[in-house]
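Worksheet: one structure, shown below.
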Amino acid sequence: MKVIVVGMGRMGTSLARKLDRQGYEVCAIDQDPECLKALGPTFGVQTVAGVGFDREVLAAAGIDRASAVIACTASDETNIVVARISRQTYRVPRVIARLYEIGNAETYRRLGIQSISTTDWGVRRVCELLTFNELDDVTGIGSGDVRLVRADVPPMLEGSPIRELTAIGEISIVAVSHDNETFVPTQGTVLDHGDIIYAAVQATSASKFRAMLGMTD
């Protein structure tokens, strides 16, 4: 899968490196050749210096066979132009654009372009941290409306089956660690002292899950 990342600021550089490590074919674009050099010697994929919405630059990056384009420059205007060209001219299947002004999100949506906002993410993240409190937040899934969380089994639930911590459509225990071994449980798996549970939890059901674990606000 070929991914083009436009804009080698902190976000773009980190993203390009991570995608490269995960085995994607990555091409990085930036106007400043020095930013491309900053990717480091271990970054062994294609780089193109130039303006991200220049069609010759995009052609050199191989946009005709790209599966995704991610525009994450410091300019909303540049990002939306890159995204529109990628979507409308080159028919790239997945286009993602970073935005700084949340008010621009509706414009992106009408164009069929997925958007990300560090401000929006930050607000959600703070709310999640406040909501989950003692739970250890492992990662977000999809848009972040579902969180994978980790928690120690409280004494009151030792000897109880997994089904007592399950709520259909809201909370699902996806893994249990017991004596340094992690496995996928069944509804009848009995929890033991020292167990660690991993649960997929709807953000709106966080308080309910905390109550199941006997955690108080």
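The values are calculated or read from the model by the stated rules, or taken from the named source; none is laboratory data. Only a predicted model underlies this, so the values are computations on that prediction, with no experimental measurement involved. Cβ sites come from the backbone with ideal geometry, for glycine too, and all protein chains shown count toward neighbours. Each accessible area value is taken on the protein alone, full model and side chains, heavy atoms only, with ligands, DNA and RNA left out. Shrake-Rupley method; radii C 1.70, N 1.55, O 1.52, S 1.80 Å.
Only residues that are assigned to a loop (DSSP other than H, G, I, E, B) and either within 15 Å of residue 146 (Cα to Cα) or in contact with a strand residue (DSSP E or B) (Cβ under 6 Å, 6 or more places away or on another chain) (or both): list them for the range 160-183, please. Let's see the steps before the verdict.
To start, the set of residues in the range 160-183 that are assigned to a loop (DSSP other than H, G, I, E, B) comprises 160, 166, 168-170, 179-180.
Those that are assigned to a loop (DSSP other than H, G, I, E, B) and either within 15 Å of residue 146 (Cα to Cα) or in contact with a strand residue (DSSP E or B) (Cβ under 6 Å, 6 or more places away or on another chain) (or both): 166, 168, 169, 170.
How about the range 21-54: which of its residues are more than 16 Å from the chain's Cα centre (by Cα), open to solvent by 20 Å² or more (accessible area, probe 1.4 Å) and either under 19 Å from residue 91 (Cα atoms) or of a type in the set (D, E, K, R) (or both)?
Matches in the range 21-54: 25, 30, 32, 34, 37, 53, 54.
May I ask you to list the residues in the range 168-186 that are of a type outside the set (A, V, I, L, M) and surrounded by fewer than 10 Cβ atoms within 10 Å (Cβ to Cβ)? Steps first, answer last, please.
Our first condition is that a residue be of a type outside the set (A, V, I, L, M); within the range 168-186, this holds for 169-170, 172, 177-183, 185-186.
Correct list: 169, 179, 180, 181.
Quick test of your reading of the structure: residue 188 fulfils all but one of (1) farther than 20 Å from residue 214 by Cα; (2) modelled with pLDDT under 75. Name the failing condition by number.
(2)
Filtering the range 60-80 down to residues that are part of a helix (DSSP H, G or I) and open to solvent by 60 Å² or more (accessible area, probe 1.4 Å), which residue is nearest to residue 16 (Cα to Cα)? Show your work before the answer.
To start, the set of residues in the range 60-80 that are part of a helix (DSSP H, G or I) comprises 60-61, 63-65, 76-80.
Filter again for open to solvent by 60 Å² or more (accessible area, probe 1.4 Å), leaving 64-65, 77.
On the way: 64: 19, 65: 18, 77: 21 Å.
Among those residues, the one meeting the criterion is 65.
Which is surrounded by 11 or more Cβ atoms within 10 Å (Cβ to Cβ) and modelled with pLDDT under 75, of 99, 129? Write out each step before concluding.
On the way: 99 fails: modelled with pLDDT under 75.
Matching residue, one of 99, 129: 129.
I'm trying to understand the selection: among the residues of the range 107-117, which are open to solvent by less than 80 Å² (accessible area, probe 1.4 Å) and more than 17 Å from residue 10 (Cα to Cα)? Steps first, answer last, please.
If we filter the range 107-117 for residues that are open to solvent by less than 80 Å² (accessible area, probe 1.4 Å), which is where we start, we get 107-108, 111-113, 115-117.
Hits for the range 107-117 are 107, 108, 111, 112, 113, 115.
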